[in-house]
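**Q** I am attaching a structure below and will ask some questions about it afterwards.
The values are calculated or read from the model by the stated rules, or taken from the named source; none is laboratory data. What you are looking at is a predicted structure, and each value in this text was computed from that prediction instead of being measured. Here Cβ is always computed from backbone atoms with ideal geometry, including for glycine, and neighbour counts include all displayed protein chains.
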Amino acid sequence: MSRNNSHLLNTKQAAAYLNLHPSTLEKWRVYGGGPKARRLGSKAIRYHRSDLENFAEQGASNTMGARHDH
């Protein structure tokens, strides 16, 4: 892994970092909310560690109420 990619985590790693289940991050990507995700290529989803830190500092409670109209 290159130095620039050392701060990029896959969904499972990002979920562990935030103490969440990976499916929670997957749902947030589909329905909105959650930390910023990046698509690398056609399938790879990665999260930058600083985005996860910012999200955790803001508090997940702000995201949880983002979209309940489904």
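**Q** Quick one: in region 6-28, of everything that is small (Gly, Ala, Ser) and out of contact with any His (no Cβ under 8 Å at 6 or more places or on another chain), which residue is nearest to ASP51 (Cα to Cα)?
**A** ALA14
**Q** What pairs can you find where one residue is in region 13-38 and free of Cβ contacts under 8 Å to residues at least 60 places away in the same chain and in a loop (DSSP other than H, G, I, E, B), the other is surrounded by fewer than 15 Cβ atoms within 10 Å (Cβ to Cβ) and of a type in the set (Gly, Ala, Ser), and their Cβ atoms are less than 8 Å apart, with a gap of 6+ or different chains?
**A** GLY32/ALA66; GLY33/ALA66
**Q** Now for a different question. So THR63 fits all but one of (1) surrounded by 13 or more Cβ atoms within 10 Å (Cβ to Cβ); (2) assigned to a loop (DSSP other than H, G, I, E, B); (3) at pLDDT below 90; what number is the exception?
**A** All conditions pass for THR63, except number (2).
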